[in-house]
Amino acid sequence: MENIPYVDELFCDLNAGASPLLISAVGAGGKTSTLLWLAEIFMQAGRRVLLTTTTHMWVPESLPTLICRDPLALPASNWQRPVQACFSSWLADAGKVKGYSPETLDALIAQGQVDVVLVEADGAHGFALKAPDEHEPCIPQCSCCVVAVMGAGMLGKMLGPASVHRWPLFSAITGAAQGDRLTWPMLHRLISHPQGAFKGAPDGCRRIGLLNQISQNENLQMELLMVETNVDALWAGAIQARPAITRRRVRK
(Lines give C-alpha, C1' and ligand atoms only; values in the text may rest on other atoms or scores of the structure.)
Protein backbone atom coordinates (compact mmCIF):
# COMPACT_ATOMS: atom_id res chain seq x y z
CA MET A 1 0.00 0.00 0.00
CA GLU A 2 1.16 3.57 -0.66
CA ASN A 3 1.55 5.91 2.29
CA ILE A 4 0.49 9.29 0.87
CA PRO A 5 1.03 12.21 3.27
CA TYR A 6 -1.01 14.61 1.11
CA VAL A 7 -3.92 12.29 0.36
CA ASP A 8 -6.42 14.85 1.68
CA GLU A 9 -5.23 17.33 -0.96
CA LEU A 10 -5.55 14.70 -3.70
CA PHE A 11 -9.03 13.80 -2.50
CA CYS A 12 -9.95 17.49 -2.61
CA ASP A 13 -8.79 17.67 -6.23
CA LEU A 14 -10.90 14.58 -7.02
CA ASN A 15 -14.07 16.06 -5.47
CA ALA A 16 -14.00 13.05 -3.16
CA GLY A 17 -16.50 14.61 -0.78
CA ALA A 18 -19.23 13.53 -3.17
CA SER A 19 -20.98 10.33 -2.16
CA PRO A 20 -21.22 8.14 -4.09
CA LEU A 21 -18.35 9.29 -6.28
CA LEU A 22 -17.71 8.47 -9.93
CA ILE A 23 -14.33 9.30 -11.47
CA SER A 24 -13.73 8.90 -15.21
CA ALA A 25 -10.24 8.50 -16.68
CA VAL A 26 -9.68 9.57 -20.30
CA GLY A 27 -6.70 10.12 -22.56
CA ALA A 28 -3.65 7.90 -23.01
CA GLY A 29 -0.46 6.80 -21.35
CA GLY A 30 -1.61 5.13 -18.14
CA LYS A 31 -5.39 5.20 -17.59
CA THR A 32 -5.66 1.66 -16.22
CA SER A 33 -2.65 2.10 -13.95
CA THR A 34 -4.13 5.39 -12.71
CA LEU A 35 -7.43 3.75 -11.84
CA LEU A 36 -5.73 0.86 -10.04
CA TRP A 37 -3.70 3.37 -8.03
CA LEU A 38 -6.85 5.35 -7.18
CA ALA A 39 -8.57 2.11 -6.15
CA GLU A 40 -5.67 1.47 -3.78
CA ILE A 41 -5.81 4.85 -2.06
CA PHE A 42 -9.62 4.88 -1.81
CA MET A 43 -9.58 1.37 -0.35
CA GLN A 44 -6.96 2.54 2.18
CA ALA A 45 -9.39 5.29 3.12
CA GLY A 46 -12.11 2.72 3.86
CA ARG A 47 -14.21 3.30 0.72
CA ARG A 48 -15.93 0.48 -1.19
CA VAL A 49 -14.54 0.68 -4.72
CA LEU A 50 -15.78 -0.59 -8.08
CA LEU A 51 -13.62 -0.44 -11.21
CA THR A 52 -15.20 -0.74 -14.64
CA THR A 53 -15.22 0.79 -18.13
CA THR A 54 -17.54 2.29 -20.72
CA THR A 55 -15.35 0.86 -23.50
CA HIS A 56 -13.04 -2.19 -23.56
CA MET A 57 -10.05 -2.78 -21.31
CA TRP A 58 -7.58 -5.42 -20.18
CA VAL A 59 -8.68 -7.46 -17.18
CA PRO A 60 -7.26 -5.89 -13.98
CA GLU A 61 -5.72 -9.11 -12.67
CA SER A 62 -4.95 -7.63 -9.26
CA LEU A 63 -8.67 -7.20 -8.44
CA PRO A 64 -11.53 -9.65 -7.84
CA THR A 65 -13.48 -9.55 -11.11
CA LEU A 66 -17.13 -10.23 -11.87
CA ILE A 67 -18.75 -10.63 -15.31
CA CYS A 68 -22.39 -9.52 -15.11
CA ARG A 69 -24.66 -8.23 -17.85
CA ASP A 70 -26.77 -6.14 -15.49
CA PRO A 71 -24.99 -4.77 -12.41
CA LEU A 72 -28.22 -3.06 -11.35
CA ALA A 73 -29.75 -6.48 -10.63
CA LEU A 74 -26.97 -7.63 -8.29
CA PRO A 75 -27.93 -8.07 -4.62
CA ALA A 76 -26.71 -5.55 -2.06
CA SER A 77 -24.43 -8.21 -0.55
CA ASN A 78 -22.30 -8.16 -3.71
CA TRP A 79 -21.21 -4.60 -3.04
CA GLN A 80 -19.76 -5.22 0.40
CA ARG A 81 -16.29 -6.12 -0.93
CA PRO A 82 -13.64 -3.43 -0.29
CA VAL A 83 -12.72 -3.40 -3.98
CA GLN A 84 -13.75 -5.27 -7.13
CA ALA A 85 -13.98 -4.97 -10.90
CA CYS A 86 -17.18 -5.61 -12.84
CA PHE A 87 -17.80 -5.90 -16.58
CA SER A 88 -20.62 -6.94 -18.88
CA SER A 89 -18.79 -9.54 -20.97
CA TRP A 90 -15.49 -11.18 -21.86
CA LEU A 91 -14.21 -10.52 -25.39
CA ALA A 92 -12.18 -13.67 -25.98
CA ASP A 93 -10.85 -12.68 -29.42
CA ALA A 94 -9.45 -9.40 -28.11
CA GLY A 95 -8.45 -10.70 -24.70
CA LYS A 96 -10.32 -7.80 -23.13
CA VAL A 97 -13.52 -7.15 -21.20
CA LYS A 98 -16.44 -4.98 -22.23
CA GLY A 99 -17.97 -2.53 -19.79
CA TYR A 100 -21.28 -0.71 -19.44
CA SER A 101 -23.01 2.23 -21.03
CA PRO A 102 -22.67 5.60 -19.30
CA GLU A 103 -26.39 5.46 -18.58
CA THR A 104 -26.03 2.15 -16.72
CA LEU A 105 -23.27 3.59 -14.56
CA ASP A 106 -25.32 6.73 -13.89
CA ALA A 107 -28.12 4.44 -12.65
CA LEU A 108 -25.67 2.39 -10.56
CA ILE A 109 -24.44 5.55 -8.84
CA ALA A 110 -28.07 6.51 -8.16
CA GLN A 111 -28.50 3.19 -6.32
CA GLY A 112 -25.75 4.18 -3.90
CA GLN A 113 -24.49 0.61 -3.42
CA VAL A 114 -20.78 1.51 -3.64
CA ASP A 115 -18.80 4.51 -2.44
CA VAL A 116 -16.51 5.01 -5.44
CA VAL A 117 -16.86 3.96 -9.09
CA LEU A 118 -13.70 4.27 -11.18
CA VAL A 119 -14.35 4.26 -14.92
CA GLU A 120 -11.98 3.87 -17.84
CA ALA A 121 -13.92 6.04 -20.29
CA ASP A 122 -11.59 6.13 -23.27
CA GLY A 123 -9.38 3.90 -25.39
CA ALA A 124 -5.88 4.57 -26.72
CA HIS A 125 -4.60 1.23 -28.11
CA GLY A 126 -1.49 1.42 -25.94
CA PHE A 127 -0.30 4.81 -27.19
CA ALA A 128 1.08 7.43 -24.79
CA LEU A 129 -0.86 10.34 -26.33
CA LYS A 130 -4.15 10.77 -28.15
CA ALA A 131 -6.85 13.16 -29.23
CA PRO A 132 -10.48 11.97 -29.01
CA ASP A 133 -12.44 10.98 -32.09
CA GLU A 134 -16.02 12.15 -32.68
CA HIS A 135 -17.51 9.26 -30.65
CA GLU A 136 -14.95 9.57 -27.83
CA PRO A 137 -14.63 9.66 -24.89
CA CYS A 138 -17.59 7.85 -23.32
CA ILE A 139 -18.05 9.66 -20.00
CA PRO A 140 -20.97 9.07 -17.58
CA GLN A 141 -22.79 12.32 -16.91
CA CYS A 142 -22.71 11.75 -13.15
CA SER A 143 -18.89 11.96 -13.15
CA CYS A 144 -17.78 14.16 -10.26
CA CYS A 145 -14.25 14.24 -11.66
CA VAL A 146 -12.54 13.59 -15.00
CA VAL A 147 -8.83 12.73 -14.98
CA ALA A 148 -7.18 13.33 -18.37
CA VAL A 149 -4.04 11.19 -18.54
CA MET A 150 -1.20 12.25 -20.84
CA GLY A 151 2.04 10.36 -21.44
CA ALA A 152 4.27 13.35 -20.77
CA GLY A 153 7.30 11.10 -21.01
CA MET A 154 6.94 11.89 -24.72
CA LEU A 155 8.20 15.46 -24.14
CA GLY A 156 11.07 16.13 -26.52
CA LYS A 157 10.32 13.00 -28.55
CA MET A 158 9.19 12.87 -32.17
CA LEU A 159 5.49 12.74 -32.92
CA GLY A 160 3.53 11.05 -35.65
CA PRO A 161 1.04 8.25 -36.35
CA ALA A 162 3.45 5.68 -34.91
CA SER A 163 3.47 7.37 -31.49
CA VAL A 164 0.10 9.15 -31.17
CA HIS A 165 -3.40 7.64 -31.33
CA ARG A 166 -5.77 9.55 -33.65
CA TRP A 167 -2.76 11.38 -35.07
CA PRO A 168 -4.66 13.58 -37.60
CA LEU A 169 -6.91 14.90 -34.80
CA PHE A 170 -3.99 15.39 -32.41
CA SER A 171 -2.09 17.26 -35.14
CA ALA A 172 -5.07 19.53 -35.87
CA ILE A 173 -5.58 20.35 -32.18
CA THR A 174 -1.95 20.88 -31.17
CA GLY A 175 -0.46 22.21 -34.41
CA ALA A 176 2.13 19.43 -34.39
CA ALA A 177 3.49 18.21 -37.71
CA GLN A 178 4.82 14.71 -38.24
CA GLY A 179 8.41 14.59 -37.01
CA ASP A 180 7.99 17.51 -34.59
CA ARG A 181 9.01 16.92 -30.98
CA LEU A 182 6.42 17.22 -28.22
CA THR A 183 6.55 20.59 -26.45
CA TRP A 184 4.77 22.17 -23.48
CA PRO A 185 2.73 24.53 -25.73
CA MET A 186 1.43 21.46 -27.60
CA LEU A 187 0.28 19.92 -24.32
CA HIS A 188 -1.32 23.24 -23.39
CA ARG A 189 -3.31 23.23 -26.62
CA LEU A 190 -4.35 19.60 -26.02
CA ILE A 191 -5.64 20.54 -22.56
CA SER A 192 -7.33 23.81 -23.52
CA HIS A 193 -8.94 22.85 -26.84
CA PRO A 194 -12.70 22.07 -26.59
CA GLN A 195 -12.11 18.90 -28.65
CA GLY A 196 -8.99 17.99 -26.69
CA ALA A 197 -8.15 16.21 -23.45
CA PHE A 198 -11.34 17.18 -21.59
CA LYS A 199 -13.79 16.76 -24.46
CA GLY A 200 -17.17 15.61 -23.12
CA ALA A 201 -16.42 16.34 -19.46
CA PRO A 202 -19.74 17.12 -17.74
CA ASP A 203 -20.39 20.67 -16.60
CA GLY A 204 -19.42 21.24 -12.99
CA CYS A 205 -17.12 18.23 -12.60
CA ARG A 206 -13.54 18.58 -11.38
CA ARG A 207 -10.93 18.38 -14.14
CA ILE A 208 -7.48 16.98 -13.38
CA GLY A 209 -4.67 16.78 -15.91
CA LEU A 210 -2.28 13.93 -15.08
CA LEU A 211 1.20 14.22 -16.59
CA ASN A 212 2.33 10.62 -16.39
CA GLN A 213 5.79 9.12 -16.99
CA ILE A 214 7.53 12.24 -15.68
CA SER A 215 10.78 11.91 -13.76
CA GLN A 216 11.35 13.90 -10.58
CA ASN A 217 14.18 15.76 -12.33
CA GLU A 218 11.99 16.95 -15.20
CA ASN A 219 11.79 20.73 -15.62
CA LEU A 220 8.02 21.06 -15.48
CA GLN A 221 6.11 24.03 -16.86
CA MET A 222 2.90 23.27 -14.99
CA GLU A 223 1.97 26.93 -14.53
CA LEU A 224 1.95 27.32 -18.31
CA LEU A 225 -0.51 24.45 -18.62
CA MET A 226 -2.96 26.17 -16.26
CA VAL A 227 -3.04 29.47 -18.19
CA GLU A 228 -6.36 30.02 -19.98
CA THR A 229 -7.60 26.50 -19.35
CA ASN A 230 -10.47 25.19 -17.23
CA VAL A 231 -8.34 22.54 -15.51
CA ASP A 232 -8.77 22.50 -11.72
CA ALA A 233 -5.54 20.67 -10.88
CA LEU A 234 -2.46 19.22 -12.50
CA TRP A 235 -0.67 16.16 -11.19
CA ALA A 236 2.75 14.98 -12.34
CA GLY A 237 4.62 11.78 -11.62
CA ALA A 238 5.02 8.18 -12.66
CA ILE A 239 1.82 6.38 -11.77
CA GLN A 240 3.43 2.95 -11.39
CA ALA A 241 6.13 4.30 -9.04
CA ARG A 242 5.73 5.06 -5.36
CA PRO A 243 5.01 7.80 -4.64
CA ALA A 244 2.92 7.99 -7.80
CA ILE A 245 2.39 11.75 -7.76
CA THR A 246 5.41 13.90 -7.00
CA ARG A 247 4.21 17.37 -8.02
CA ARG A 248 0.86 19.10 -7.95
CA ARG A 249 -0.62 22.45 -8.97
CA VAL A 250 -4.12 23.67 -8.12
CA ARG A 251 -6.06 26.53 -9.65
CA LYS A 252 -6.37 29.32 -7.07
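The values are calculated or read from the model by the stated rules, or taken from the named source; none is laboratory data. Keep in mind that what you see is a predicted model, and the values were worked out from it rather than measured. No Cβ is skipped: glycine too gets one built from the backbone with ideal geometry, and neighbour counts run over all protein chains shown. Accessible surface is based on the protein model in full, side chains and every heavy atom, while ligands, DNA and RNA are left aside. Shrake-Rupley method; radii C 1.70, N 1.55, O 1.52, S 1.80 Å.
Summary table below
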read-out: The range 166-245: GluC sites (Glu not before Pro) in DSSP coil with no more than 12 other Cβ atoms inside 10 Å; value: E228
read-out: Lysines with Cα under 29 Å of K252, excluding same-chain neighbours fewer than 8 positions away; value: K31, K130, K199
read-out: Helix-only [θ]222 nm of the chain, DSSP H runs n ≥ 4, -39500 (n - 2.57) each, per residue, nearest 500; value: -6000 deg cm²/dmol
read-out: The chain: antiparallel DSSP beta bridges as a percent of all, rounded to 5; value: 25 percent
read-out: Förster-model FRET efficiency, 22 Å R0, Q178 and D133, C-beta, rounded to 0.05; value: 0.70
read-out: The range 1-117 - percent relative contact order, Cα under 8 Å, separation 6 or more; value: 33 percent
read-out: Cα gyration tensor shape for the range 163-252, rounded if a/c is under 1.5, else prolate or oblate; value: oblate
read-out: Antiparallel %, DSSP beta bridges [both residues in the range 124-252], to 5; value: 30 percent
read-out: Accessible surface, per residue, of the chain when the full set of protein chains is kept, probe 1.4 Å, Å²; value: 44 Å²
read-out: Whole-Hz couplings from phi, Karplus 6.51/-1.76/1.60, listed for the range 222-228; x for Gly and Pro; value: 5, 5, 4, 5, 9, 6, 6
read-out: Distance from the range 199-251 to the range 76-134 (C-alpha centre basis), Å; value: 23 Å
read-out: Sites V250 and N219 - FRET efficiency at Förster radius 25 Å, r taken between beta-carbons, to 0.05; value: 0.80
read-out: Within the range 1-109, GluC sites (Glu not before Pro) in DSSP loop having at most 13 other beta-carbon neighbours inside 10 Å; value: E2, E61
read-out: Whole-percent carbon and sulfur share, accessible surface of the chain, 1.4 Å; value: 51 percent
read-out: Nearest-20 debye value, the chain charge dipole, Cβ charges on Lys, Arg, Asp, Glu; value: 340 debye
read-out: Residues D203 and N78, FRET efficiency given R0 of 30 Å [Cβ-Cβ distance, rounded to 0.05]; value: 0.40
read-out: Candidate values [x] 8, 33, 40, 18, 2; [y] 7, 27, 29, 22, 13, 2, 0; [z] 7, 33, 37, 19, 4, 0, label of the one derived for P(r) over Cα pairs in 10 Å bins from 0, in percent; value: [z]
